[in-house]
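For reference, the structure discussed in these notes is given below.
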Amino acid sequence: MKLKQLRYIWEVARHDLNVSATAQSLFTSQPGISKQIRQLEDELGVRIFARSGKHLTRVTPVGEKILALAGEILAKVREIKQIAEEHSAPERGSLSIATTHTQARYALPPVIRRFIERYPKVALHMHQGTPMQISELAARGDVDFAIATEALELFSDLLMMPCYRWNRCVLVPRDHPLAQVSRLTLEEVARHPIVTYVFGFTGRSRLDEAFRAAKLTPRVVFTAVDADVIKTYVRLGLGIGIVAHMAYDPEEDRDLVALDARHLFAPSVTSIGFRRDTFLRGYMYDFIEGFAPHLTREVVEEACALPNREAVEKFFARFELPER
């Protein structure tokens, strides 16, 4: 049994049993992967994959168990390499993050700038996606950190730590009637067509909850995942915009008026998470603390030692989160 064989079966399963796609991702040949899988099955005396002709059709029951163990072994191998790298080259490595557009565009730039200045030899990779895509990337180990606000139930395989609270503002052109209102009400907001986030993005659920509780039906005429796109359509007069307050730049958006909406909607919490089996290198702890200063190395290590999600939530309930 070889590590290469375990990696091949693991990657084939991840690529939906597509050996050709697996070969491309691993920069090797399709016949070579098929041969190694056959040799492993012959050595074990069981079939990991069921076949129809030359095509793999499904993972067998015993194959499911073998793949689970193979994943654990490969994770330990990565951890061994990371431990060695931490000692031989503590300021060299890579860090990959999956997050939404709002975090990538508005919350992360100063954090990343400081991080790159401190760790110029660490390659930083950012992936943007939906909460579902982000959680899958992190759960599979394709990225080190997931940063998200919505649909945290999707992240049950991850250790999620709260970073900060944030709320919303209502954006209108300077000549809009609401620009003269000193304190908004939900009723006033509901009278106008609304441009806001796609459901499942950037605290959208808090918005829907507020209208539902007030027994109001908002007229959402356009949705997008990108706050910059939302602002574009507000400028075109399509409707009033509801975005994260951090997405409003007084200089860049000086043609728009940002109306405080903190009293209308419950605050949202952005969290950062990672798999429990992730080996956190020194620069990873520093990135977390740079993004959320209360998440020091000692706090993160204490959270990692807790047995389950409920214990983690109880642990962080005592923290007073900053607001953005």
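Here are some notes:
- Cut-off 11 Å between beta-carbons: net charge of the residues surrounding Trp166, Lys and Arg +1, Asp and Glu -1: +4
- Förster radius 45 Å - calculated FRET efficiency between Ser94 and Phe222 (Cβ-Cβ, nearest 0.05): 0.75
- Global geometry of the chain, whether rounded, prolate or oblate, following the gyration tensor of its Cα atoms and the 1.5 cut on a/c: prolate
- Relative to the longest principal axis of the Cα atoms of the chain, helix 3-14 runs at roughly 40 degrees.
- For the stretch 1-31, the residues whose backbone nitrogen is under 20 Å from a point 7 Å from the Cα of His127, taken along Cα to Cβ, are 7-28.
- Estimated from helices alone, the mean residue ellipticity of the chain at 222 nm is -12500 deg cm²/dmol (sum of -39500 (n - 2.57) over DSSP H runs with n ≥ 4, per residue).
- Solvent-accessible heavy-atom area per residue, rounded to whole Å², over the stretch 226-300 at 1.4 Å: 39
- Vicinal HN-Hα couplings computed from phi for the stretch 237-244 (Karplus, 6.51 cos²θ - 1.76 cosθ + 1.60; Hz; Gly/Pro x): x, 6, x, 8, x, 10, 9, 4
- Rounded to whole numbers, the Karplus 3J(HN,Hα) couplings from phi for the stretch 306-317 are 6, x, 7, 5, 4, 5, 5, 5, 5, 4, 7, 5 Hz, using 6.51 cos²θ - 1.76 cosθ + 1.60 with θ = phi - 60°, and x at Gly and Pro.
- Within a Gaussian network of the chain (alpha carbon springs, distance under 10 Å), most fluctuating of Leu124, Leu264, Leu69: Leu69
- Folded to 0 to 90 degrees: helix 282-291 orientation relative to the chain principal axis, Cα: 20
- Label point at Thr185 placed 7 Å out along Cα→Cβ; residues across the stretch 237-272 whose backbone nitrogen lies under 18 Å: 260-265
- Part-to-part distance (alpha-carbon centres) for the stretch 201-257 and the stretch 85-156, which is given in Å: 26
- GNM top mover of Gln24, Gln36, Gln103 - the chain, alpha-carbon springs below 10 Å: Gln24
- Long-range HN-HN contacts of His127 with modeled amide H, under 5 Å: Ile97, Ala98, Thr99
- Once backbone amide H atoms are built at 1.01 Å from N, Gly93 has Val122, Ala123 as its partners under 5 Å, excluding neighbours fewer than 5 places away on the same chain.
- Between Ala104, Ala138, Ala311, the Gaussian network model of the chain with springs among Cα atoms under 10 angstrom shows the greatest mean-square fluctuation at Ala311.
- On full extension, the segment bounded by Val269 and Glu64 gains 70.2 nm, given 0.36 nm per residue less the C-alpha separation.
- Sequence-distant residues sharing a close amide H with Phe222 (under 5 Å, placed H): Ile194, Thr196
- Hz values of 3J(HN,Hα) by residue in the stretch 113-129 - Karplus curve (6.51, -1.76, 1.60), Gly and Pro given as x: 4, 5, 5, 5, 4, 7, 10, x, 9, 9, 7, 10, 10, 10, 10, 9, x
- Whether the stretch 1-105 is rounded, prolate or oblate, judged on the alpha carbon gyration tensor where a/c under 1.5 counts as rounded: prolate
- Carbon/sulfur fraction of accessible area - the stretch 153-267, other protein chains in place, 1.4 Å, %: 51
- Relative contact order [Cα under 8 Å, 6+ residues apart], the chain, whole percent: 20
- Sequence-distant contacts, meaning Cα pairs under 8 Å at least 6 residues apart, place the relative contact order of the stretch 57-191 at 21 percent.
- Look at the alpha carbon pairs under 8 Å that are at least 6 residues apart: their mean separation over the length of the stretch 175-314 gives a relative contact order of 23 percent.
- Whether the stretch 52-171 is rounded, prolate or oblate, judged on the alpha carbon gyration tensor where a/c under 1.5 counts as rounded: oblate
- FRET efficiency, 1/(1 + (r/R0)^6) with R0 41 Å, evaluated for Glu252 and Lys81 via beta carbons: 0.40
- Cα long-axis angle, helix 30-44 against the chain (0 to 90 degrees, to the nearest 10): 60
The values are calculated or read from the model by the stated rules, or taken from the named source; none is laboratory data. The structure displayed is predicted, hence computed values, not measured ones. Every residue, glycine among them, receives a Cβ derived from its backbone with ideal geometry; neighbour counts consider all protein chains shown. Calculation scope for accessible area: heavy atoms of the full protein, side chains included, ligands and nucleic acids excluded. Shrake-Rupley method; radii C 1.70, N 1.55, O 1.52, S 1.80 Å.
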